[in-house]
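For reference, the structure discussed in these notes is given below.
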Amino acid sequence: MAYEILDIAQAPSGRKKIDWVEKHMPIVAKIEQELKATRPFDNIRFSVSVHMEAKTARLLKAIKAGGGIISATGCNPLSTQDDVAAAVAEEGISVFAWHNESPEEYKRHLTQALGHGPSIVIDDGGDLASLLHTELEDLSSGVFGGCEETTTGVNRLRILEREKRLKYPVVAVNNAECKFLFDNRYGMGQSVWDGINRTTNLIVAGKTVVITGYGWCGKGVAMRAKGLGAKIIVCEINPVRAVEAWMDGFDVMPMDDAAERGDFFITVTGCNGVISKRHFTRMKDGAILCNAGHFDVEIDIKSLREIAVDIEEKRVNIKGYKLSNGKWVYVLAEGRLVNLASGDGHPAEIMDMSFALQLLSAKYILENYKDLGNKVISLPKELDELVARYKLETLGVRIDALTGEQANYVNSWNLG
């Protein structure tokens, strides 16, 4: 076991964080017991790139319990919690990550996580997959398959599949119902506002919040903003989603118009340059910008830096940019994922479901990889529903089941 972390002495603090989330992740605990009994991952090498915080540590422990040999890193330079990384190292897991990595350090850690030659890749954003299809292509021949956690990552992998360049099968964990309906909507909605509120200490009620992108993540952020008393504007390029936002009671308009009205701006698109140079000068004095998409490209920070006449650190994780018109624009967490760079990420109960899907996906790949082909595939519906049933079980909630007669009726051509 090897590691490259900031300080192993921080492990006790990280252990407390892991112990806390462990009590709130019963589905992962249940699957862990099954894995421990059957050891399906014995001597299987896992390379994992997921935000290095307490819930991820819980996932890694479960993989290890099933026999997996793990080499892990983060998936964002600002989301690693150094005490958690130390605690993971103390668990006997190879980990390469620290908070606020330089671009060179971040890439080195990704490379180190792949160094043992993985059989299974668990990705959050597709950074490991990117290396396995470019600079470290020689390692891809040993990969049975991958699991991708995010919309951004799945989109990148689908491009490789379309171009017939994908080198191994990948389960689109993000597309499982128990992922996007809960993680993307409720998890993102709560954790984004947790990051904003703890960083700014400003009221949301009565403010105008501009949300770019009305996918499941955008819907979650908007729903929580509404609950906090905000007035909401949605910017969209998809006409169907724009209609949906309108019928949900929100104003819909282009960013060129919204720029003048917003107090908070939150990007959730997976695209670049969503808030660009021409928008900054139209904004109110004191406008607050943040990003909830995976990569730090949605707000054009480079252009903002170029047109600023003064730049100051106003508060931890808040950088102020003074423009030539005298107005200040503030950016949270350097335009990186605000819920993790300025917070602890999604709630433990949400990640309990998402990481349960990751464990089942990895097991599914091991059992079926020879027949899957080099494609982006969906997790089988029965495994998705298994996680939902486990969730209901942990909640003490019971549901109905079809009788034999009802099952025959709904599966019959004769509806008389």
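No lab work stands behind these numbers, since they all come straight from the coordinates. Model, not experiment: these values are computed from the prediction. When we count neighbours, we look across all protein chains shown, and the Cβ atoms used for this are built from the backbone with ideal geometry, even at glycine.
A compact table of results
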| quantity | calculated |
| --- | --- |
| Cubic angstrom per residue, convex hull over Cα atoms of the range 187-341 | 92 Å³ |
| Ranked 409, 390, criterion: other C-beta atoms within 10 Å, fewest first | 409, 390 |
| Euclidean distance of C-alpha centroids, the range 265-319 and the range 348-416, integer Å | 40 Å |
| The chain - mean residue ellipticity at 222 nm from DSSP helices (-39,500 (n - 2.57) per run, n ≥ 4, rounded to 500) | -12500 deg cm²/dmol |
| DSSP beta bridge pairing in the range 187-341, given as percent antiparallel to the nearest 5 | 35 percent |
| Theoretical FRET efficiency, 1/(1+(r/R0)^6), r = Cβ-Cβ of residue 324 and residue 177, R0 35 Å, to 0.05 | 0.10 |
| Nearest-20 debye value, the chain charge dipole, Cβ charges on Lys, Arg, Asp, Glu | 500 debye |
| Projected area, mean over directions - the chain, Cα convex hull, nm² | 22.9 nm² |
| Global geometry of the range 153-225, whether rounded, prolate or oblate, following the gyration tensor of its Cα atoms and the 1.5 cut on a/c | prolate |
| Set of lysines near residue 17 by C-alpha distance (under 21 Å), chain-local residues within fewer than 8 positions excluded | 30, 55, 61, 64 |
| For the chain, share of DSSP beta bridges that run antiparallel, in % to the nearest 5 | 20 percent |
| Exposure proxy ranking, count of Cβ atoms within 10 Å, fewest first, for 351, 223, 255, 25 | 223, 255, 25, 351 |
| Difference of contour (0.36 nm per residue) and Cα-Cα distance, residue 36 to residue 141 | 35.0 nm |
